[in-house]
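Undergrad: Dropping a structure here in structure tokens format, bear with me for questions.
What follows draws every value from the coordinates through simple rules; no lab data is involved. Quick caveat, the model's predicted, so the values are computed rather than measured. Every residue, glycine as well, gets a Cβ built from its backbone with ideal geometry; the counts of neighbours run over all protein chains shown.
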Amino acid sequence: MIDRKEALSLLKEHIKEDNLVHHCLESEAVLRGLAARLDRDEELWGVTGLLHDLDYSTMAGEARHGLDTVDMLGDRLPEEALAAIRRHAFEMNGAEAPETEFDFALRCGETVTGLVHAGALVRPTKIDGMKVKSLKKKMKDKAFAASVNRDCIRECDKIGLELGEFLQIAIDSITAIAPEVGLSQE
Ligand SMILES: [Fe+2]
């Protein structure tokens, strides 16, 4: 399997936009947090989170999202990770629907980053001190970060996590990398 260092340089080779790199780093952090909580393979889940959108800048249309990433990765990730990457975008690419714990973890984990990031940007202290309660409020406000799919976030119940605990893991995981993703206080 590709190691973290190689994965990061592969990501930076294919993704040039800062906001997308940040999204991938945040997805990695959340997937590591979820793997730790669920006693799964942190390295596998983390690197998969880091690489899940590798094709985002180069894909030929939404229908290729996830499929191109799998082609680009070849055998550098195990099949269960490639399946999770295909399935995270199954509504766009026509792949099979998510079914494993890993599939659902990638979907809810990568999606929640959008809510946490947008929520942090409107706070004076950015992510520092962010609370689950306020994030839950933002989740109910459909106009806030409207492109973030709330149903996908709620899929955390498929990995056995109640929404509050899931959001706390996301906040804690992203807080730990805040300076790398533009979310630390100036
Ligand atoms: Fe993503």
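Undergrad: Counting just the residues of segment 155-186 that are assigned to a helix (DSSP H, G or I) and of a type in the set (G, A, S), which one comes out farthest from G114 (Cα to Cα)?
TA: G164
Undergrad: Going through A95, A84, A63 one at a time, which residue ends up being small (G, A, S), assigned to a helix (DSSP H, G or I), away from the ligand (no atom under 14 Å from the Cβ) and free of Cβ contacts under 8 Å to residues at least 40 places away in the same chain?
TA: Of A95, A84, A63, the one residue that is small (G, A, S), assigned to a helix (DSSP H, G or I), away from the ligand (no atom under 14 Å from the Cβ) and free of Cβ contacts under 8 Å to residues at least 40 places away in the same chain is A63.
Undergrad: Is at least one residue of segment 140-148 part of a helix (DSSP H, G or I) and among the charged types (D, E, K, R)?
TA: Yes, segment 140-148 has at least one match.
Undergrad: Here's another thing I want to ask about it. For segment 73-126, give me each residue that is among the hydroxyl-bearing types (S, T, Y) and either more than 20 Å from R40 (Cα to Cα) or crowded, with 24+ Cβ neighbours inside 10 Å (or both).
TA: Within segment 73-126, T113, T125 qualify.
Every residue, every condition in (1) farther than 21 Å from L25 by Cβ; (2) surrounded by 13 or more Cβ atoms within 10 Å (Cβ to Cβ), yes or no:
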site	(1), (2)
D128	no, yes
M139	yes, yes
V148	no, yes
G160	yes, no
Q168	no, yes
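Undergrad: Can you pull out the residues in segment 32-91 that are more than 23 Å from Q168 (Cβ to Cβ) and of a type in the set (V, I, T)?
TA: V47, T58, T69, V70, I85
Undergrad: Also: Hey, does segment 107-115 have a residue that's closer than 23 Å to L183 by Cα, in contact with a helix residue (DSSP H, G or I) (Cβ under 8 Å, 6 or more places away or on another chain) and away from the ligand (no atom under 11 Å from the Cβ)?
TA: Yes, some residue in segment 107-115 is closer than 23 Å to L183 by Cα, in contact with a helix residue (DSSP H, G or I) (Cβ under 8 Å, 6 or more places away or on another chain) and away from the ligand (no atom under 11 Å from the Cβ).
Undergrad: Considering each residue of segment 46-60, count those that are within 15 Å of the ligand (Cβ to nearest atom), part of a loop (DSSP other than H, G, I, E, B) and not aromatic (F, W, Y), and give that number.
TA: Qualifying residue count for the region: 7.
Undergrad: Show the residue pairs that are 6+ apart or on different chains and have beta-carbon atoms under 8 Å apart, the first residue being within segment 105-120 and closer than 15 Å to V21 by Cα, the second being hydroxyl-bearing (S, T, Y).
TA: Cβ pairs passing all conditions: E110/S27; T113/S27; G114/S147.
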